[in-house]
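The values are calculated or read from the model by the stated rules, or taken from the named source; none is laboratory data. Fair warning: this is a prediction, and the values are worked out from it, not measured in the lab. Cβ placement follows ideal geometry from the backbone for every residue including glycine, while neighbour counts extend to all protein chains displayed. Surface accessibility is based on the protein's heavy atoms, side chains included, excluding ligands, DNA and RNA. Shrake-Rupley method; radii C 1.70, N 1.55, O 1.52, S 1.80 Å.
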Amino acid sequence: MEGVEWGRGRGQRGGGSSCGPRGNLITSSSAVSAHLVASIIVAVVEGRGLARGEVGMASIDLKNPEVVLSQFADNTTYAKVITKLKILTPLEIIMSNTACDTGSATKLFSLITENFKNVTFTTVQRKYFNETKGLEYIEQLCTSEFSTVLMEVQSKYYCLAAVAALLKYVEFIQNSVYAPKSLKVRFQGNNFVFTNSGFLHCYKFIMHQVLWHMYLIYLVRNKEFFFELISRFLDTEQLLSILVQIPKQDTVKAAESKITNLIYLKHTLELVDPLKAALKSCKTHLLKAYYSSLEDKRFGIILEKIKTVVNDDTRYAKGCLNMRTQKCYAVRPNINEFLDIARRTYTEIVDDIAGMITQLGEKYNLPLKMSFSSARGFFIQMNAECAALPNGQLPSDFTKITKMKNAYSFTSADLIKMNERCQESLREIYHMTYLIVCKLLSEIYEHIHCLYKLSDTVSMLDMLLSFAHACTLSDYVRPEFTDTLAIKQGWHPILEKISVEKPVSNNTYITEGSNFIIITGPNMSGKSTYLKQIALCQIMAQIGSYVPAEYSSFRIAEQIFTRIGMDDDIETNSSTFMKEMKEITYIIQNANDKSLIIIDELGRGTSTEEGIGICYSVCEYLLSLKAFTLFATHFLELCHIDALYPNVENSHFEVQHVRNSVGNKEKITYTYIISKGHTEEKNYGLKAAEVSSLPPSVILDAKEITTHIARQILQKQRTTPETLRQRAVYHLATRLVQTARNSRLDPDSLRIFLKGLKKKYEADCPVSGQAQTEDGQ
Ligand SMILES: Nc1ncnc2c1ncn2[C@@H]1O[C@H](COP(=O)(O)OP(=O)(O)OP(=O)(O)O)[C@@H](O)[C@H]1O
């Protein structure tokens with residue numbers, strides 16, 4: 001702890017007073033102990049320079065050593081940081097001294113101190129916000145049960161930097177260190193994944209806002225125009241991240257890529273004005289805010305600077321030759337006379353190539369054409385149908401001949417040499433252009449941060465337009481939010497786009513009383529597609545979109561966990577298995593009662609018995625939660641878990657068997673329809689084997705062994721009348737609780753509903769009459 005310097009004070013602004021190291025700190029730490037009613041300390045750090053706006057946070061609860069990391073990076077970052085801090089209600093906030101220095105205090109610092117006037121504020125030297133140390137801390141201190149957090153945070157530098165400063169500080173004030181593997185460490189993303197009760201309202205609020213805006217966009221009848229405009233934007237965020245990277249080596253490739261990106265930047269900035277004009281007349285707060293974010297002068301400043309160096313008509317062009325020409329002539333003439341000379345040479349070579357190909361055509365009386373590809377450079381093409389070749393052969397001058405459909409492609413020795421000269425002059429051009437571009441970029445860097453705003457605006461508009469499309473042009477429905485996941489005739493939105501016929505739609509019903517669905521069915525019957533469709537619908541609903549279904553209701557999921565099976569590969573089997581285990585551990589460590597969990601095949605990377613064992617115990621663990629879980633499996637033994645757990649439902653994908661008139665062989669046709677119960681298709685693996693070329697005697701043996709094992713297993717797992725009764729009682733109880741919670745029925749309708757429930761209960765449980773209510777309802 002030697003040499004550590006902290007500056008702290010109660011609601012202190014500026015925090016500039018860096019206290020002397022040890023003496024002051026001892027006094028301060030007793031102050032901390034005195035205020036342990038609130039027990040959370042938070043460290044906040046913001047990126048510098050171009051990374052301003054990226055914020056990492058780490059908090060620790062002194063009463064209950066749990067570390068929570070978060071990282072934010074977008075236009076609403078500051079709002080998210082403040083919201084998150086408000087939820088945490090910290091005892092103390094730590095920031096870097098560079099963020100708080102009087103005169104150069106950051107906007108984030110001002111916002112935090114304004115919003116948290118009564119919270120102790122401490123400044124720490126920037127050097128303690130060290131991401132490498134942060135990662136080391138987590139590796140050393142995180143308990144193995146939560147170690148999967150490393151997967152999530154290893155490249156999130158700002159939250160790692162924050163945790164380094166936080167833990168060093170806390171260890172210092174407490175005058176002790178945390179024991180290895182003693183801390184629970186979690187990463188909490190920035191998408192409103194808060195576990196407080198405000199969560200539901202938070203999402204609902206977003207939902208209404210978004211819906212409102214998308215209607216608006218649609219109603220202003222500018223949708224087509226917006227679509228056209230937005231589709232002209234390139235990936236602004238990616239562009240920004242590439243532009244700010246400085247290559248370690250000045251290779252031709254690096255030079256070419258920088259020039260390309262400068263052209264992309266110009267192209268993007270030239271779209272800002274049309275976008276502003278499109279947004280100008282919009283009346284909603286959100287779109288007005290985006291309009292004003294585009295009024296940022298820096299867009300104009302950057303574009304002007306670019307235009308002093310880059311030709312007005314240089315722009316992003318489709319096709320590699322077009323783009324090569326754009327790069328070659330990007331820089332204005334008379335900026336570097338050597339560049340002008342090199343470009344003249346390049347033009348002459350290209351003209352020579354064109355001339356040479358014309359001459360060759362005339363010489364052999366063939367319709368030759370000049371073509372270009374980035375792999376071959378310039379080459380010759382000829383339509384095979386338009387030319388009669390002597391002896392069906394091309395002249396011997398031509399080499400590397402290929403024929404695609406009706407076109408011959410080839411080159412010649414002279415053309416290869418000319419291509420080399422062309423490349424050489426291009427290298428010179430790119431090198432000189434690159435130097436000019438680097439100088440230009442160095443003048444632009446300080447303004448480039450505004451591109452974050454642009455990227456935010458474009459992506460938000462893109463999303464709203466997609467929502468507008470989903471709610472107007474397609475047959476999607478507006479989702480409801482309840483305590484049940486109920487989708488009537490839902491379909492996979494992407495399968496719909498890529499397949500010729502509309503996908504088969506299916507129902508989904510998951511509720512508190514039946515919150516664990518096991519899905520079985522033969523290979524290719526549609527299990528994975530169905531699971532992905534549910535996850536997609538849930539995400540679409542929660543981000544404010546309509547969903548592909550006739551009706552839909554969702555329970556807000558705090559997190560969605562998925563584990564989707566990978567294709568088997570014998571060589572990577574062990575690593576596939578380990579990956580599976582890591583993913584499932586992550587789910588087990590992080591899922592809670594409000595999660596949606598989707599597991600598509602588990603335990604395939606090991607022996608069947610172990611696979612079943614793993615699946616069984618994972619299911620039992622997940623069954624202890626109220627999370628909604630969908631679990632697809634080929635282990636049919638797992639279906640019998642419903643005998644022990646009444647909240648398990650079995651569903652399966654139906655298939656039909658058709659006898660082939662040729663050879664009278666049986667063929668499976670897929671219906672893609674999900675039904676209740678587990679699949680009756682017990683030996684579909686054997687059926688698949690029958691179709692393969694395995695010898696009939698082997699198949700026969702396999703069938704016998706399978707029947708024998710199956711009989712043994714079934715005997716042990718029979719459902720008894722008692723389990724059936726318990727199951728029916730459980731379902732009745734959960735339905736009654738749900739009814740009591742949600743019912744808005746008048747007394748008469750409620751009586752009818754309860755009578756219905758009673759009938760259903762009696763049907764499920766004919767042996768019992770004990771659960772009848774006293775008045776017979
Ligand atoms: N609802 C549907 N409507 C139309 N086609 C579908 C539907 N569901 C699935 N399919 C088609 O069937 C193919 C196989 O589906 P999927 O991969 O979901 O099967 P699976 O049961 O998960 O198979 P496996 O057990 O081998 O992993 C898909 O690629 C898709 O083309």
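Odds and ends about this structure:
- With only the Cα atoms considered, region 722-764 has a convex hull volume of 46 Å³ per residue.
- Within region 722-764: Cβ-based charge dipole about Cα centre, in debye rounded to nearest 20 (Lys, Arg +1; Asp, Glu -1): 60
- Relative to the current alpha-carbon distance between Asp397 and Asp313, full extension at 0.36 nm per residue lengthens the span by 26.3 nm.
- Highest to lowest packing among 591-597, 469-475, scored as the average C-beta count within 10 Å: 591-597, 469-475
- Nearest-0.05 FRET efficiency for His708 and Ala733, computed from C-beta distance (R0 51 Å): 0.80
- Antiparallel bridges, percent of DSSP beta bridges restricted to region 537-658 (to nearest 5): 0
- Whole-Hz Karplus values for region 469-480 come out as 5, 4, 8, 10, 7, 9, 9, 7, 10, 7, x, 9 Hz, taken residue by residue from phi with 6.51 cos²θ - 1.76 cosθ + 1.60 and θ = phi - 60°; glycine and proline positions read x.
- Simple spin-label estimate for Ile564 and Thr720 in nanometres, 7 Å along Cα-Cβ: 4.3
- Å² of accessible area per residue within region 722-764, as computed with a 1.4 Å probe and no ligands counted: 70
- Across every direction, the projection of the convex hull enclosing the Cα atoms of region 337-443 has a mean area of 8.1 nm².
- FRET E, pair Lys405, Arg376, Förster distance 25 Å, beta-carbon r, rounded to 0.05: 0.90
- Per-peptide packing, taken as the mean over residues of other Cβ atoms within 10 Å, places 584-590, 500-506, 309-315 in the sequence 584-590, 309-315, 500-506 from highest down.
- Computed over region 480-681, Cα set: Rg, Dmax in Å: 17.2, 54
- A crude spin-label estimate for the pair Ile539 and Asp101, with each label 7 Å from Cα along the Cβ direction, gives 4.3 nm.
- Legend: calculated FRET efficiency, Glu136 to Tyr645, from the Cβ-Cβ distance at R0 = 45 Å, rounded to 0.05, equals 0.60.
- For region 438-582, the number of Lys pairs separated by eight or more positions or lying on different chains, with C-alpha atoms closer than 24 Å, is 12.
- Burial ranking of peptide ranges 522-528, 739-745, 229-235 (average Cβ count within 10 Å, highest at the top): 522-528, 229-235, 739-745
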